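Please treat every number below as a calculation from the coordinates, not as lab data. Note that the structure is predicted; figures quoted are calculated from it, not measured. Note that each Cβ is placed from the backbone with ideal geometry, even for glycine, and that neighbours are counted across all protein chains shown.
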Amino acid sequence: MSETPRLSAGDAAPDFALTDDTGASVRLSDLRGRKVIVYFYPAAMTPGCTRQACDFTAAMTDFTDAGYTVLGISPDKPEKLATFRNEGSLNFTLLSDPSKETLTAYGAFGEKQLYGKTVVGVIRSTFVIDEDGVIEQAQYNVKAKGHVAKLARELAIQLP
């Protein structure tokens, strides 16, 4: 498998329509006029992904007050995402991409290093999208721990 094409600041954010953890459809284009943070994570209810989701939950008021909508996307089925939301008391939208089409469109699925081996899977990534649907930031291979605080600093969002 070759290198997955990656997105950069200034690129148009690929539109998507994905099912959330309640079974509703969410379309990125329906969020035009709002700033959106889209983050991709490998699997619900794993330690790193839980940490990252709980960090977003803890900071959600600060992100919302700064005008951001947060969407978390993984290949998990909506039912698993509902369990993840309930068990973690998560307070933002979780979206299911079992076909990995959206993950691939964002360059968040492909070859990556895992414990020294090259594997194919979800590349933990975060995108900041402006009100016009243009990518302001594209971050690949982010770390689960500390990422939300780092992102908040980069966006000049004050966390308690």
Report summary line: Here the convex hull volume per residue of the range 37-97, taken over Cα atoms and given in Å³, is 63 Å³
Query raised in the report: How large, in Å, is the range 90-154 by the Kirkwood hydrodynamic radius built from its alpha-carbon pairs?
Result: 13.5 Å
Report task. Count charges around residue 93 for me, please; just the other residues with Cβ under 14 Å from its Cβ, Lys/Arg as +1, Asp/Glu as -1. Result -> -2
Report task. For every helix of n ≥ 4 consecutive DSSP H residues, a contribution of -39,500 (n - 2.57) applies; sum these over the chain, divide by its total residues, and give [θ] at 222 nm rounded to the nearest 500 deg cm²/dmol. Result -> -8000 deg cm²/dmol
Report task. Give the calculated FRET efficiency between residue 137 and residue 43 to the nearest 0.05, with a Förster radius of 25 Å applied to their Cβ-Cβ distance. Result -> 0.60
Query - Normalised contact order of the chain, rounded percent, pairs of Cα under 8 Å and 6 or more residues apart - result: 32 percent
Report task. Assign one of three labels to the range 1-90, namely rounded, prolate or oblate, based on the Cα gyration tensor with a ≥ b ≥ c the square roots of its eigenvalues; rounded applies when a/c is under 1.5, prolate when it is not and a/b is larger than b/c, and oblate otherwise. Result -> rounded
Requested in this report: Mind jotting down the distance between the C-alpha centroids of the range 138-160 and the range 69-103, whole Å?
Outcome: 19 Å
Report task. Just the number, please: percent antiparallel of the DSSP beta bridges in the chain, rounded to the nearest 5. Result -> 70 percent
**Report entry** Cβ charges +1 (Lys, Arg) and -1 (Asp, Glu), total dipole of the range 17-154, debye
**Finding:** 500 debye
